[in-house]
Amino acid sequence: MRNINQNSDNGPSNVEIYMSLRDELKQYLPLIGKASDEIIDEKVSKYPIFILSKEDIAMGVKLVRKGGLSGPWNVNASMLEEFVSKGVINKSSARDFISTYRDPLTYLCLFVLSDLGAQFIFLPRKLEN
């Protein structure tokens with residue numbers, strides 16, 4: 001079994017990639033936090049999900065288009081219901097997802113499409129340096 005810190009081709013480790021990704025995403029957190037609050041306050045969904053990708057995707061509502069001052073990421077606002085309706089999350093797995101979904105007042109649910117693959121990340125709204 002390979003340690004998460006190791007990379008067989010001597011490139012950056014998964015931990016290094018994650019930390020770099022975390023730093024890149026910091027600039028988006030205030031906007032994502034406001035959008036999350038609005039989705040919940042307007043009773044659109046209890047489970048907002050924000051999709052971050054360097055490629056354009058046909059899901060959610062675009063909040064940020066990559067490039068220039070906005071950085072290398074597209075940011076789309078979505079929610080659990082859309083992920084289920086589009087088959088990203090199986091209907092039968094939705095309960096499991098809900099049980100692992102973290103408090104949206106403290107964490108933001110991100111679906112990140114990166115060099116690490118597609119993954120859900122619950123990022124604290126306030127990151128420590």
Hey, which lysines would be in cross-link range of Lys26, C-alpha to C-alpha under 21 Å, not counting anything within fewer than 8 residues on its own chain? Lys34, Lys54, Lys62, Lys66, Lys126
Between Lys54 and Ser93, what's the calculated FRET efficiency when r is the beta-carbon distance and R0 is 41 Å? Round to 0.05. 0.95
Using a Cα-Cα cut-off of under 18 Å, which aspartates and glutamates could be cross-linked to Lys43, ignoring same-chain neighbours fewer than 8 residues away? Glu81, Glu82, Asp103
With +1 assigned to the C-beta of every Lys and Arg and -1 to the C-beta of every Asp and Glu, and no other charges, what is the dipole magnitude of the chain about the Cα centre in debye, to the nearest 20? 160
Burial ordering of Phe111, Phe50, Phe120, Phe97, fewest other beta-carbon atoms within 10 Å first: Phe120, Phe97, Phe111, Phe50
Local net charge near Leu31, Cβ-Cβ under 13 Å (Lys/Arg +1, Asp/Glu -1): +3
To the nearest 10 degrees, how steeply does helix 14-25 sit against the main Cα axis of the chain, on a 0 to 90 scale? 50
Helix axis angle, 29-41 relative to the chain longest principal axis, alpha carbon, degrees: 30
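Each reported figure results from applying straightforward, stated rules to the coordinates on display, with no laboratory input. In this text the structure is predicted, and so the values were computed from the model without any measurement. Counting neighbours? That spans all protein chains shown, and the Cβs are built from the backbone with ideal geometry, glycine included.
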